[in-house]
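Before any comments, here is the structure.
Since every read-out is calculated from the coordinates, none of them should be taken as a lab result. Values in this document were obtained by computation on a predicted structure and should not be read as measured data. Heads up, the Cβs are rebuilt from the backbone with ideal geometry, glycines too, and the neighbour counts pull from every protein chain shown.
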Amino acid sequence: MRLIFRIYITLQLFCISICFGQNNNSLLWQISGKNLKSPSYLFGTIHIKDKSVFNLPDSVLPKIMECDNVILELNLDSFMGEVLQKSLSKKMKTMKDLLSASEIEGVKKSLKKNNIPDVKDAEDYNALELYNAYQTKLISKDENSTFLDAWLFGLGKSYNKNMLGLETYAEQESILNDLTDKEQREMLLSIADTNLNFEVYFDSLKTLYLNENIDELYRYLNQDRK
């Protein structure tokens, strides 16, 4: 089974152009050539709050300063406005619609073990809500108030850069609402699967990220885990 992880390595564009190859492993890539008047930069982020990932390579902040635009996965200003108007994944089924009584008890047991709030009424939550709560609890060992992308967004605003997003709230919501019942069941059952160790997975993922080993990151994120 390939796990459906919310915490992906996300390549963020600081300025959009055409990307050309770079031989060495790095999270920061320069985009140049083809008669471009000035270079642009592509930087890979990871959606976690762990304080270690905030220790950016020395070259990142100066490159942000060079650019007119900072383009992240989402424009968090407009995103929050859309969230207030709509309910994320409102079409998704609840756990009681997807799992049997015994399967629900297995998931609730794991949620309780990991001190996830509202375990008593967990069957009334959808797969994404429970899965995100479970993941966040396991990987947020540091009590940072924000994740890396949000911090970069605030940094760009403090530098008075033009802030843009690659995707809209509606586009992300559409992807989530298109998850099949099978995919949602897999998300829920993975919570109760004692053979899966999320903490080990994310520790390994973080190590590869901090080592800027993008080839291994790609292989690691795309491998199947039974």
Review point. Which whole-number percentage describes the relative contact order of segment 110-226, with Cα contacts under 8 Å and a sequence gap of 6 or more?
Key: 31 percent
Point to revise | Other-chain or far-sequence residues with amide H under 5 Å of Tyr41's (modelled H) | key: Phe14, Cys15, Ile31
Revision key, fill the gap. FRET efficiency for Gln223 and Ser78 from the Cβ-Cβ distance with R0 = 30 Å, rounded to 0.05, comes out at 0.30
Revision key, fill the gap. D (µm²/s, integer) via Stokes-Einstein for segment 108-200, Kirkwood Rh across alpha-carbon pairs, 37 °C, 0.692 mPa s: value 208 µm²/s
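Roughly how many debye, to the nearest 20, is the charge dipole of segment 92-188 about its Cα centre, given +1 on each Lys and Arg Cβ, -1 on each Asp and Glu Cβ, and no other charges? All intermediate terms of the calculation are to be shown ahead of the outcome.
On the way: 13 positive and 18 negative charges, 87 e Å.
Its charge dipole is roughly 420 debye.
Please give the length that would be gained between Glu167 and Lys112 if that part of the chain were fully extended, namely 0.36 nm times their separation in residues minus their C-alpha to C-alpha distance (nm, one decimal). Walk me through the numbers on the way to the answer.
Numbers: separation 55, 0.36 × 55 = 19.80 nm, distance 3.46 nm.
Difference between extended and current length: 16.3 nm.
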**Study point:** Under 5 Å, built H, 5+ apart or other chain: amide partners of Glu73
**Key:** Leu166
